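Novice: Have a look at the structure that comes next, please.
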Amino acid sequence: MTLDELWTQAYEGEIYGAAIFRAVAERQTDPVRRQEMELLSMLEQRTRDIAEPVLKARGLATTGLAGNAEEAATSLAELPWEEFLGWLDKVTNEYLGIYCELAATTVGDEQDVASAYVAHEQAIASYIRRVDGRETGEPLEAVTALPHMAGAVAV
């Protein structure tokens, strides 16, 4: 995969992630889970936003991507919570690999953005492990500690 393809895939992943977490939040009856999903949707949006200058500088599209994100999000939001977490764990690990590859092949300002993508995916992985009991601690601690999440309120 070329560097341009990696950046596009990373950017699209954040579009999908924001839509998915938003859709799950809308269907949650548990207020804590709803707030967690809303914060994760915000994380995906803010992470997408920090890559926009990179894509524009490379002449890559930032609109018209991930056309079926809302449809995919609606489908995933229907899953029972435990199944959703299992799916999310799998996808998070896949994207972490993509973002690590991106970070390993970039330099300068692009490296900083790619490293932020890695950190954000690691924060989501920590959330999953804490919610499902594999790790102790506040579920959203790693998310709210990210520099681009400054000012976000954990539940």
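Novice: Residue check: is VAL113 open to solvent by less than 40 Å² (accessible area, probe 1.4 Å), touching a residue at least 24 places away in the same chain (Cβ under 8 Å) and not in a loop (DSSP other than H, G, I, E, B)?
Specialist: Numbers: open to solvent by less than 40 Å² (accessible area, probe 1.4 Å): yes; touching a residue at least 24 places away in the same chain (Cβ under 8 Å): yes; not in a loop (DSSP other than H, G, I, E, B): yes.
In short, yes.
Novice: Using the structure shown, decide if LEU85 is in a helix (DSSP H, G or I), under 17 Å from PHE21 (Cβ atoms) and over 13 Å from the mean Cα position of the chain (by Cα). So that I can check it myself, show each step before the final result.
Specialist: Details: in a helix (DSSP H, G or I): yes; under 17 Å from PHE21 (Cβ atoms): yes; over 13 Å from the mean Cα position of the chain (by Cα): yes.
Here the answer is yes, as LEU85 does meet what is asked.
Novice: Of the conditions (1) over 15 Å from the mean Cα position of the chain (by Cα); (2) closer than 14 Å to GLU36 by Cα, ALA123 satisfies every one except a single condition; which number is it?
Specialist: Unmet condition: (1).
Novice: While we're looking at this one, here's another question. I need the full set of residues from region 126-147 which are over 16 Å from PHE84 (Cβ atoms) and buried (at least 17 other Cβ atoms within 10 Å of the Cβ), in order please.
Specialist: Within region 126-147, SER126, LEU140, ALA142, VAL143, THR144, LEU146 meet the criteria.
Novice: Also, quick follow-up: Please find, within region 49-61, the residue that is surrounded by the fewest Cβ atoms within 10 Å (Cβ to Cβ) out of those that are within 19 Å of LEU146 (Cα to Cα) and among the aliphatic types (A, V, I, L, M).
Specialist: Looking at the filtered set, the residue picked out is ILE50.
Table: residues versus (1) modelled with pLDDT under 95; (2) crowded, with 18+ Cβ neighbours inside 10 Å.
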{"site": "TYR16", "(1), (2)": "yes, yes"}
{"site": "ILE20", "(1), (2)": "yes, yes"}
{"site": "LEU39", "(1), (2)": "no, yes"}
{"site": "THR47", "(1), (2)": "no, yes"}
{"site": "THR63", "(1), (2)": "yes, no"}
{"site": "SER75", "(1), (2)": "yes, no"}
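Novice: Could you tell me how many of the residues in region 96-107 are without any contact (Cβ under 8 Å) to a residue 60 or more places away in the chain and either open to solvent by less than 50 Å² (accessible area, probe 1.4 Å) or closer than 16 Å to ARG48 by Cβ (or both)? It would help to see each step written out before you state the result.
Specialist: Of all residues in region 96-107, those without any contact (Cβ under 8 Å) to a residue 60 or more places away in the chain come to 96-97, 100, 103-104, 107.
Retained after the next criterion (residues that are either open to solvent by less than 50 Å² (accessible area, probe 1.4 Å) or closer than 16 Å to ARG48 by Cβ (or both)): 96-97, 103.
Residues in region 96-107 being without any contact (Cβ under 8 Å) to a residue 60 or more places away in the chain and either open to solvent by less than 50 Å² (accessible area, probe 1.4 Å) or closer than 16 Å to ARG48 by Cβ (or both): 3 in total.
Novice: Here is a further query. Can you name every residue in region 130-153 that is in contact with a Pro (Cβ under 9 Å, 6 or more places away or on another chain) and without any contact (Cβ under 8 Å) to a residue 12 or more places away in the chain?
Specialist: Hit for region 130-153 is ARG130, nothing else.
The values are calculated or read from the model by the stated rules, or taken from the named source; none is laboratory data. For clarity, every value in this text was computed on a predicted model and none was experimentally measured. Methodologically, a virtual Cβ is constructed for each residue, glycine included, from the backbone with ideal geometry; neighbour enumeration extends over all protein chains shown. Keep in mind that these areas ignore ligands, DNA and RNA; they rest on the heavy atoms of the full protein, side chains included. Shrake-Rupley method; radii C 1.70, N 1.55, O 1.52, S 1.80 Å.
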